[in-house]
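Have a look at the structure below, then the notes.
The values are calculated or read from the model by the stated rules, or taken from the named source; none is laboratory data. Since this is a predicted model, take the numbers as computed values, not measurements. So basically every Cβ, Gly included, is an ideal-geometry build from the backbone, and we count neighbours across all protein chains shown.
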Amino acid sequence: MSIKNTDISPLLSEGNNITLSQSGNVITVNSAPSGLDTQVQFNDGGVLAGDSGLTFNKTTDLLTTGAVDLTLGQIKFPSGQNASADINTLDDYQENTWTPTLSATGCTFNYAANGRIGHYTKIGRMVSLSFRIQLATTGNTLVANTMTITGLPYASGSGTNRAFYSSIYWANLATSVINVLIEIPAASSTINVFRLTAAATSPGAFVGNNLSTTAGSVLGGHITYFV
């Protein structure tokens, strides 16, 4: 259907409707709707009518509806977060990879093939991530200095006494332990690593030479934190 009018302005004057029709199909645009709420119009068996379950409020700029049924199963968020201060608003979602990297003064870490694997999911302020690190059996220089894991996809949020903790998997270490723990402190992009070699009131720092230079040491785990 085509529309041709050399002077369409009279059709757009206040108080008039614009009606387009062809073979019984009619679309009417009301140029002066009243009230705050406007129902979205649908063609229902040849009858154009509003749907009370889908209403646009022109004062609040909100489109209200009933239960959301995602037939395609997807919601797309922008690549950059559009942050909201409203506690009931979900403003970000991401699924991606990250590269966990060991760091300790005086140490050289040589990784096995596919020896640094990390994945994360971010929902709003919550980041849930996993990682697996494996050293090669050659090329490592390891000394007794405190070791951390760097490369977090997002820095943790700030706050007094705020931190996040988890126990993780280990294998082929140079030191016998009964537990390995990780911590993400407040306002940090680094994971601190701790170890327990016996029953104790507090864990000790994990150091570079707790890993083996030749056995292919493995550390892996999962932690959830907030930004």
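Miscellaneous remarks
One line per residue, one yes/no per condition, for (1) basic (Lys, Arg); (2) touching a residue at least 24 places away in the same chain (Cβ under 8 Å); (3) in contact with a Phe, Trp or Tyr (Cβ under 7 Å, 6 or more places away or on another chain):
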| residue | (1), (2), (3) |
| --- | --- |
| Thr138 | no, yes, no |
| Leu142 | no, yes, no |
| Asn145 | no, yes, no |
| Gly159 | no, yes, no |
| Ala171 | no, yes, no |
| Ala187 | no, yes, no |
| Ala198 | no, no, no |
| Ala205 | no, yes, yes |
| Gly216 | no, yes, no |
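- A search for C-beta distances below 7 Å between a residue of the stretch 77-100 that is over 14 Å from Ser128 (Cα atoms) and among the β-branched types (Val, Ile, Thr) and any residue that is surrounded by 11 or more Cβ atoms within 10 Å (Cβ to Cβ) and at pLDDT 90 or above, counting only pairs 6+ apart in sequence or on different chains, returns Thr99/Arg116; Thr99/Gly118; Thr99/Gly151.
Each row is one residue, and each column tells you yes or no for (1) closer than 21 Å to Phe206 by Cα; (2) surrounded by 14 or more Cβ atoms within 10 Å (Cβ to Cβ); (3) not charged (D, E, K, R).
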{"site": "Thr71", "(1), (2), (3)": "no, no, yes"}
{"site": "Thr108", "(1), (2), (3)": "yes, no, yes"}
{"site": "Val127", "(1), (2), (3)": "no, yes, yes"}
{"site": "Ala155", "(1), (2), (3)": "no, yes, yes"}
{"site": "Ser188", "(1), (2), (3)": "yes, yes, yes"}
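- Where strands (runs of 3 or more DSSP E) sit wholly within the stretch 105-209, those with at least 1 residues that are under 23 Å from Thr224 (Cα atoms), touching a Pro at 6+ places or on another chain (Cβ under 6 Å) and of a type in the set (Val, Ile, Thr) occupy 126-135, 148-150.
- Filter pass, Ala205 being modelled with pLDDT under 95 and surrounded by fewer than 18 Cβ atoms within 10 Å (Cβ to Cβ): no
- Qualifying residue in the stretch 173-186 (condition: surrounded by 14 or more Cβ atoms within 10 Å (Cβ to Cβ), under 16 Å from Ala215 (Cβ atoms) and under 30 Å from the mean Cα position of the chain (by Cα)): yes
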